Amino acid sequence: MSSELERRTAIIVVLRCGRAPKEIIDLFKFPKATVYSIAKSFKESEDIEEGFLTPKRKTPDRSQVRKRSVDFIDVLVKGFWPPAALTSPLRVLLVGVLERDTNKRAHNTVDSLKAAIIQAVANLSREQVAHAVGRFRHRVEAVIVKGGSWIE
């Protein structure tokens, strides 16, 4: 690779990082004419490609953001909730225990992983399950009392 090509590549890389030609001259001690010539051709090619190398950031229209937020809240108010919430305390506790037990070693096959999961479920103590269900039970009872509506 020629030194001229290396110099050109270095200048373009630094220009892509958003540096000014003056900074490139001070940093690399390249000739001013070379840096400004390459910067000019880089800027022209960037304009032709319509920001392909450095796309312009789009700012969201604030009225649209508010509108989407209101729509999203309406969906929640209408009673939409996933049937198997990923953040339910019962799931978090039990799956956490199972993952801890099954991920102790790497599994090369799906059958090996399935066997480890079955063994971890079989090794769950009744106290662990009772504790998890006990922590979750008051939430279920609160939903029943509220008639299925939102609870705190």
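Of all residue pairs spaced 6 or more apart or on separate chains, those with beta-carbon atoms under 7 Å, a first member in region 128-152 that is assigned by TED's automatic domain parsing to the domain that holds R100 and a second member that is modelled with pLDDT of 75 or more and surrounded by 11 or more Cβ atoms within 10 Å (Cβ to Cβ) are Q128/V97; A132/L94. Condition (residue is closer than 30 Å to V13 by Cβ and modelled with pLDDT under 75) applied to region 90-104: is it met by at least one residue? No - not one qualifying residue is present in region 90-104.
The values are calculated or read from the model by the stated rules, or taken from the named source; none is laboratory data. All values derive from a computational prediction rather than experimental measurement. Methodologically, a virtual Cβ is constructed for each residue, glycine included, from the backbone with ideal geometry; neighbour enumeration extends over all protein chains shown.
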